[in-house]
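In what follows, a structure is listed as C-alpha cells, so that the remarks can point back to it.
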Amino acid sequence: MTATPVSPSEPELGRARKRKEDARLVTGRTRWTDNMSPPGTVHLAVLRSPVAHARISSIDTSEARRMSGVHAVVTGADIAQRQGSLPCAWPVTEDMKAPDAPSMAVDSVNFAGEAVAMVAARSAAEARDALDAIDVDYEDLDVVLDIESAARDGSPLVHEELGTNRNATWTFDSVEAGTGGDVEQALRDAEVRVDRTFRQQRLIPAFMEPRSVLVDPTGEQYTVWSATQVPHILRTMIAMTLGTPEHKVRVIAPDVGGGFGGKLQVTPEEMLTFLMAEQLGRPVKWTESRSETMISGHHGRDQVQRLSLAARADGTVTGLKVDLLADMGAYLRLVSPGVPILGALMFNSIYKFDAYRFTCTNVFTNKTPTDAYRGAGRPEATFAIERMMDELAAELDMDPMEVRRRNWISHEEFPFDTIAGLTYDSGNYEAATDRAMEMFGYQQLRDEQVQRRQRGDTVQLGIGISTFTEMCGLAPSRVLGSLSYGAGGWEHSQVRVLPTGKVEVVTGTSPHGQSHVTAWSQIVSDRLGVPFEDIEVLHGDTQSSPRGLDTYGSRSLAVGGIAAVQASDKVVDKAGKIAAHMLECSEQDLDFAEGRFAVRGTDKGVGITDVALAAFTAHDLPEGVEPNLDAEASYDPENFSFPHGTHLCAAEVDTETGGVRIRSYVCVDDVGSVVNPLIVEGQVHGGLAQGIAQALYEEAIHDEDGTLTTATFADYLVPSTMDLPEFRTDRTETEATSNPLGVKGVGEAGTIASTPAVVNAVVDAIRHYGVTDVRMPCSPQRVWRALSEARSSSATEAESGGGLGSSDSDGGFATGGDR
Amino acid sequence: MIPAEFDYVAPSTVEEAVRTLSSAGEDAKVLAGGQSLLPVLRMRLADPSLVVDLGKVAEMRGIREEGDELVIGAMTSHHDVLRDDLVSEHAGLIALTTRTVADPQVRHRGTFGGSITHADPAGDLLAPVLAMDAEMVVAGPSGRRNIAAREFFVDYFTTAIEPDEILVEVRLPKYTGWSAHYEKFNRVAQAWSVVGVATTVLVEGGKIARARVGLTNMGATPIRAEGVEQALLGAAPTEEAIRQAAARATEGTSAGSDANADVDYREHLAEVLTGRALATAASS
Ligand SMILES: Cc1cc2nc3c(=O)[nH]c(=O)nc-3n(C[C@H](O)[C@H](O)[C@H](O)COP(=O)(O)OP(=O)(O)OC[C@H]3O[C@@H](n4cnc5c(N)ncnc54)[C@H](O)[C@@H]3O)c2cc1C
C-alpha cells in the first residue's frame, strides 16, 4: 500500500497516510528516556538475585560505598518502611491470596532477578562496577518451579505466610450465569468427546527499547520520565504506593519504543529510582540492559490448559469445559491475576455453544512475575479453542472449516449474546472466511497435501485454520467493575483550536509505536475540516494530558479515538454558536462542512479559522459563550468491540529434520472501519510475527534451580523478517455498532489469531503419522520427536481405537514431543 | 551491559601487537571484529586489564595467492571473504559457509581469524577450515609458527594459540575445481548452527575422487568425518552411496545437549544433513 495524494475534500478516514512520527523515529532524532539527562543526573544500577528462592542472611555494602563515584548504596532493609507494596489492581476474587510485593527484597528473594540492592553513582559504569563489590549471603530455600506440582497440596511454598501457592480460583458457569446449560450433562450426553491438554509456554516481551526511568526531584513536583505504556496509571500508583501526594508527581512517557504489554506495568525500578531521587535530592536515571529485561521485566502466557469438548456426530459442539492453571510467578503485578480471566470470556470464540464452564487457578512459583503480553488471555483462549476445533474435525474426519461453519454465529444473528455473557455487536465470519479461502487457494493446497501423503514425500504439507474473534477496546467501566478490576475503562480527550486556526488534540492514550499522532490527526481533520498537517496530537505527559487511562487492550482508537470525536463535535457546536452570531443568523440555518459554516441557501459563510480568531479576540461573542474554542470529552464505551478474522497457514514439515517452514499465510481481518489502512497493515504484520513466534520459536526456559537459561537473544529466539513468510492480507469491514466511527481495534488481532493457525498447520502436516499435538514452540526437535514417537507407537498399536472420542489418557500430552 | 574498566591499545604491526601482548601477561585480550569479544566483556564473563585492537594492523587484512595456497589474513572481514573472487575460485566451501554466518552487520565487523580463534563449536567456519586441512600462521614473542587445523582446535573455546600469540593468517591448499556445500541447520536465520555439515568434493569421471567433510557442533571442537570421506572415495554419487556414507557421520563425534537438541536428535541431524550436503555438493 502506498500513500497517494488526494484532493483536500476527500475524507481523511480510510486514507493510507504515511505516519507523521516516522521521520523522527526512524532517524533516531527522538527523545527516549535514556537520551535525557538533566544537569547533575546520577545513574542507578540494580543488583539482582542470582537465586530463585532464598533467605537473605546478610548484605555487605561497605566496600561498594567506598568506591569511586558512588553516591549511595541502598538495600531492601534500608527502605523496608518507605517502599510500600507494588500494586495489583485486579483482585479477581474476594479471598484472593496476595503476598506483599516490595520493590526491593527485604529478607527473602522469590525469583532469580529480583532486586536486592541498588547503587547510585556519578556514571553508569561506576554504578555497575560497585554492584560487583556488594556481598550478599543467601540461605537457599526449596525452589518451586513446576506449575502443576506447585498447585498441589504439600508442595513447598513460595510464600510461607500465605500457606498455599494458590492465589485464587475463578470460575464461570453458564448455568450460574443463566447463559446456558450444564457442561457436565453435555459431556455425559456427548456423541463425541475430545479431551486435550495444551501448554502455553512462558514468553518474554521483546520491545525494542529497554526500560528506562528518570526521576528529577528538583522542581516543585517530582518529574518522572519512564518508558511506560501507562503514564497516568503510574502517577496514581506512585502516589498510592509511596504516599507521595499525587499532585506532587508528574509523569512523562516520552517516545517509547514498543511495549506489547511489557510496559503495562508499575515496576519495582520506577519506585526504586523515585526513592533514590528522593533520598539524594538530585535527578536519578536507571536504564536496563537486555538481559535485565529478560530476567526482571514481566513475562507472559504460561498456562496449562485442560479442555473437554462435547459434540454431536455431525460436528455441532454442545459444551466446553476449560480448566486452567496460570503461573503468576513470584508476585502479583499490576493485572497478573486478571490476565487469564480476560481469556475466560473468549474460549467460546465465534461459536454457539450450549454449555460452558471455565475454572482457572492462579499459582505462585519462584519465577519472574507474569502479566499482560500482547493479547493477554485472549491468545491463550483462542489457541485452545481453535486447536480443539481441529481436533474435533480430525475425530469426525470432517473438514476443519466445515466444523467451524457448523458452529459459528451467522451474520444474521447479530447482536448475539454469548454463552460467556458478552454481547457481540456485529460480525461477518462467512465473508471473511470466503475471502480468505479464495486468496489461499484452499482446495489446491488440500489436493497437494493428499498427493504428498500418497507419495510419502519427505516434506509434508499441513493446513492450519484459525477463525478468531477477540474482545478489545477495554473497556466499559461497568464491566470492568463486575470483573473486580480496580479502575474504569473510559478515555479522555481535549481539542483546542488555537487563535491561528491550528489545532491541538490532547489524548489520554499513550502511544508507543501505534501511530496515534497520525490517526488522531486524520480523525479530527475530518471532524473539524482542518488540514491534517495543521493538527498536533499531545499525549503521554500528565501535565499536558491530565486525564486518561493509557494504551493497552487495543483500546486507544475504539475508546480514546471516540473521545477525540466527541470533543471535536463539541468544538463544532460551540463554533456554530459563534459563527451564527458572526453571520447574524440562527444556528439552525447553518450547515457545517469541510471547516466552513455556511448559511443555508445563501453564499454567506465563515471558516472555522475565522471563528477561532473571533473566539480569541472575544470582542464580540454571543451571550454566555466563553472566549475559547476548546472542548473536552470523557467517553466510556457501552460495550467492548469484537474484531474477527480468518487466518490460514500452509506449513511444510520436513519429516527428516522436524523443521517447519511456513509456505503461505493468508489473513482476512475485520477490524471494522479503518482510519488508516497503512497503520492497520503494520499492526497486522507485527502481530502475526509475534503470534508465529509463539508457535515456532520463543520460549522462556528455566533450569532446575530457577535460572532463566534464555536470557539473551542468542537463546531466546525472536524471529526476524528472514524467518517469516510473505503475509497476504485483506480485510472485510463490518462496522462496530457500539461507537460512532464503527472502529474495533487492531493492535492484538494478528497475535491472537496466528498462533493456532500455525500449530494447526504443523499438526495437520503430520497427523497421518498419528501425531495429535506438538507442544509450543514447535521446534524442529519437538516435531521430530512427536513423529518418532507416533511412528513407533502406531507400529505397536495399529488396530486400537475405532470408537468416537479420544483423550490424552494420563492428562499428559498426546504424542506431544515434550522436549 | 557495561564492561569492567580496561586499557586499550591499537598497534599497527604484528610485531608491536605481539610485544604488547607478551608484556601485558595473561591479562590482555586481543580484539578483532569484537562480535564475540564485546558481548563477553559486556556480560563480564571476562575482564581483561588490556585490550589489544588489531584493527590497525594492515598486513593482517586481505586475501592473496601464494603458489598452491590461498592465504586469508586473520583480520579479513566475513564480508570481504564473501566478495573475494580468489576465495570463490579456490575455496568455494569457505565462501558458501561465510554466507550463512550471522547477518550483514555482523559480517561487516566480524573477522575470519576472530571466528576461528574464538573456537565456538557452533561457529560455522571451523568445520570448513578443518575439512580443508588449513594451516594457521601464528606469531608470538619467539617468531612465527604454523599449526595444522587438526592440532589447532583443542576444546570448547580453546585453541593451540598461547595467550601471548596472535593468529596472523590462514593458509589453505587450493581446492580449485572442487564443488562444495555447507548445510547449516538453525532455528532462526541469525542463529548459530544446531548442526552444520561442511563438505567439498572433487568429482572426476562421474566418481567422487576426493572428499572432505567437517561437522559443526558435534563435539567440543569441529569434527572431521573421516568415515564418511572414506566411504565416498571412488563411489558414484548415487543416492544410495551417499546414504551409506552419511550413515557414518556420527563416528567419532561427541555431541552435547542443549535447548535446541539432545544428543540423539543431534546425531540424527548429523546423518541427515551430511546426506543433504553431499547430494548438493556432488550435483553442483
Ligand atoms: C548476532 C550475531 C550472530 C552471529 N552468528 C554467527 C553465525 O551464524 N555463525 C558464526 O560462525 N558466527 C556467528 N557470529 C560470530 C561472528 O562470526 C564473530 O564475528 C566471530 O565469532 C568472532 O569474530 P570477531 O572478529 O568479531 O572476533 P572478536 O569478537 O574480536 O574476538 C573473538 C575472540 O577471538 C580472539 N581473537 C580474535 N582475533 C584474534 C587473532 N587474530 N589472534 C588471536 N586471537 C584473536 C579474541 O581475543 C576473542 O577471544 C555471530 C555474532 C553475532 C554478534
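The values are calculated or read from the model by the stated rules, or taken from the named source; none is laboratory data. Everything numeric in this text was worked out from a predicted model, so none of it was measured. Backbone-built Cβ (ideal geometry, glycine too); neighbour counts: all protein chains shown. Note: areas computed on protein heavy atoms with side chains; ligands, DNA, RNA excluded. Shrake-Rupley method; radii C 1.70, N 1.55, O 1.52, S 1.80 Å.
Among the strands (runs of 3 or more DSSP E) contained in the stretch A:578-686, which hold 3 or more residues that are in contact with a Lys or Arg (Cβ under 9 Å, 6 or more places away or on another chain) and under 30 Å from B:ALA261 (Cβ atoms)?
Values: elements: A:590-593, A:596-599, A:605-607, A:630-635, A:644-654, A:660-670.
Filter on the stretch A:578-686 gives A:644-654.
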- [ ] Please tell me if A:PRO38 is closer than 23 Å to A:GLU278 by Cβ, modelled with pLDDT of 95 or more and not small (Gly, Ala, Ser).
- [x] yes
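Looking for something touching a residue at least 40 places away in the same chain (Cβ under 8 Å), in a loop (DSSP other than H, G, I, E, B) and within 13 Å of the ligand (Cβ to nearest atom) - is there at least one such residue anywhere in the stretch B:70-77? Quick ask: steps written out before the conclusion?
Quick first cut of the stretch B:70-77, residues touching a residue at least 40 places away in the same chain (Cβ under 8 Å) only: B:70-75, B:77.
Imposing the further condition that a residue be in a loop (DSSP other than H, G, I, E, B) reduces the set to B:74-75.
Then drop every residue that is not within 13 Å of the ligand (Cβ to nearest atom), which leaves B:74-75.
Yes; the residues of the stretch B:70-77 include at least one that is touching a residue at least 40 places away in the same chain (Cβ under 8 Å), in a loop (DSSP other than H, G, I, E, B) and within 13 Å of the ligand (Cβ to nearest atom).
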- [ ] Could you tell me whether any residue of the stretch B:91-113 is surrounded by fewer than 24 Cβ atoms within 10 Å (Cβ to Cβ), in contact with a helix residue (DSSP H, G or I) (Cβ under 9 Å, 6 or more places away or on another chain), within 23 Å of B:LEU21 (Cβ to Cβ) and among the hydrophobic types (A, V, I, L, M, F, W, C)?
- [x] no
- [ ] Would you point out which residue out of A:ALA711, A:ALA761, A:ALA757, A:ALA753 is within 30 Å of A:HIS411 (Cα to Cα), of a type outside the set (Ser, Thr, Tyr) and touching a helix residue (DSSP H, G or I) at 6+ places or on another chain (Cβ under 7 Å)?
- [x] A:ALA753
TODO: Determine whether B:THR111 is within 13 Å of the ligand (Cβ to nearest atom), more than 27 Å from B:THR250 (Cα to Cα) and in contact (Cβ under 8 Å) with a residue 60 or more places away in the chain.
DONE: yes
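Considering each of B:ARG276, B:ARG243 in turn, give the residue that is at pLDDT 95 or above, in contact with a strand residue (DSSP E or B) (Cβ under 6 Å, 6 or more places away or on another chain) and not β-branched (Val, Ile, Thr). I'd like the intermediate steps shown before the answer.
Values: B:ARG243 fails: in contact with a strand residue (DSSP E or B) (Cβ under 6 Å, 6 or more places away or on another chain).
Testing whether each residue is at pLDDT 95 or above, in contact with a strand residue (DSSP E or B) (Cβ under 6 Å, 6 or more places away or on another chain) and not β-branched (Val, Ile, Thr) leaves just B:ARG276.
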- [ ] With the condition kept exactly as written, say whether any residue in the stretch B:163-171 is more than 9 Å from the ligand (Cβ to nearest atom), away from chain A (no Cβ under 14 Å) and of a type in the set (A, V, I, L, M).
- [x] yes
TODO: Would you be able to tell me the number of residues in the stretch B:78-90 that are near the ligand (Cβ under 8 Å from one of its atoms) and surrounded by fewer than 16 Cβ atoms within 10 Å (Cβ to Cβ)?
DONE: 0
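The rows are residues; the columns are (1) under 27 Å from A:THR732 (Cα atoms); (2) within 14 Å of chain B (Cβ to nearest Cβ); (3) assigned to a loop (DSSP other than H, G, I, E, B).
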| site | (1), (2), (3) |
| --- | --- |
| A:GLY747 | yes, no, yes |
| A:SER754 | yes, no, no |
| A:VAL759 | yes, no, no |
| A:VAL763 | no, no, no |
| A:ILE766 | no, no, no |
| A:THR772 | no, no, yes |
| A:VAL783 | no, yes, no |
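Scan the stretch B:23-46 residue by residue and report those that are farther than 18 Å from B:ALA74 by Cβ and within 13 Å of the ligand (Cβ to nearest atom).
Quick first cut of the stretch B:23-46, residues farther than 18 Å from B:ALA74 by Cβ only: B:23-27, B:39-46.
B:ALA24, B:GLU26, B:ASP27, B:PRO39, B:VAL40, B:LEU41, B:ARG42, B:MET43, B:LEU45, B:ALA46, listed by residue number.
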TODO: Output the residues belonging to the stretch A:113-143 that are open to solvent by less than 10 Å² (accessible area, probe 1.4 Å), closer than 25 Å to A:PRO369 by Cβ and within 14 Å of chain B (Cβ to nearest Cβ).
DONE: A:VAL119, A:ALA127
Open item on the list: Is it the case, given these coordinates, that A:ASP541 is on the phi > 0 side of the Ramachandran plot and touching a residue at least 60 places away in the same chain (Cβ under 8 Å)?
Closed with: no
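When you go through B:VAL228, B:VAL195 one by one, which is the residue that is modelled with pLDDT of 95 or more, within 14 Å of chain A (Cβ to nearest Cβ) and crowded, with 23+ Cβ neighbours inside 10 Å? Break it down into steps so the answer makes sense when it comes.
Working: B:VAL228 fails: within 14 Å of chain A (Cβ to nearest Cβ).
Result of the check over B:VAL228, B:VAL195: B:VAL195.
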TODO: Please enumerate the residues belonging to the stretch A:717-741 that are facing chain B (nearest Cβ under 10 Å) and either buried (at least 16 other Cβ atoms within 10 Å of the Cβ) or of a type in the set (Lys, Arg) (or both).
DONE: A:LEU717, A:PRO719, A:ASP723, A:LEU724
Task: Qualifying strands (runs of 3 or more DSSP E) (wholly inside the stretch B:81-200; at least 2 residues being over 30 Å from A:PRO725 (Cα atoms) and within 13 Å of the chain's Cα centre (by Cα)) - done: B:135-140, B:166-173
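Test A:THR500 against the stated conditions and say whether it is surrounded by fewer than 24 Cβ atoms within 10 Å (Cβ to Cβ) and of a type in the set (Ser, Thr, Tyr).
Details: surrounded by fewer than 24 Cβ atoms within 10 Å (Cβ to Cβ): yes; of a type in the set (Ser, Thr, Tyr): yes.
When the stated conditions are applied, A:THR500 passes them.
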Open item on the list: Just the residues that are surrounded by fewer than 15 Cβ atoms within 10 Å (Cβ to Cβ) and within 13 Å of chain A (Cβ to nearest Cβ), please, taken from the stretch B:244-259.
Closed with: B:SER257, B:ASP258
- [ ] Name the one entry in A:THR41, A:THR93 that is touching a helix residue (DSSP H, G or I) at 6+ places or on another chain (Cβ under 9 Å) and more than 14 Å from every other protein chain (Cβ to nearest Cβ).
- [x] A:THR93
TODO: Go through (1) open to solvent by less than 60 Å² (accessible area, probe 1.4 Å); (2) away from chain A (no Cβ under 14 Å) one by one and return the number of the condition B:ASP68 breaks.
DONE: (1)
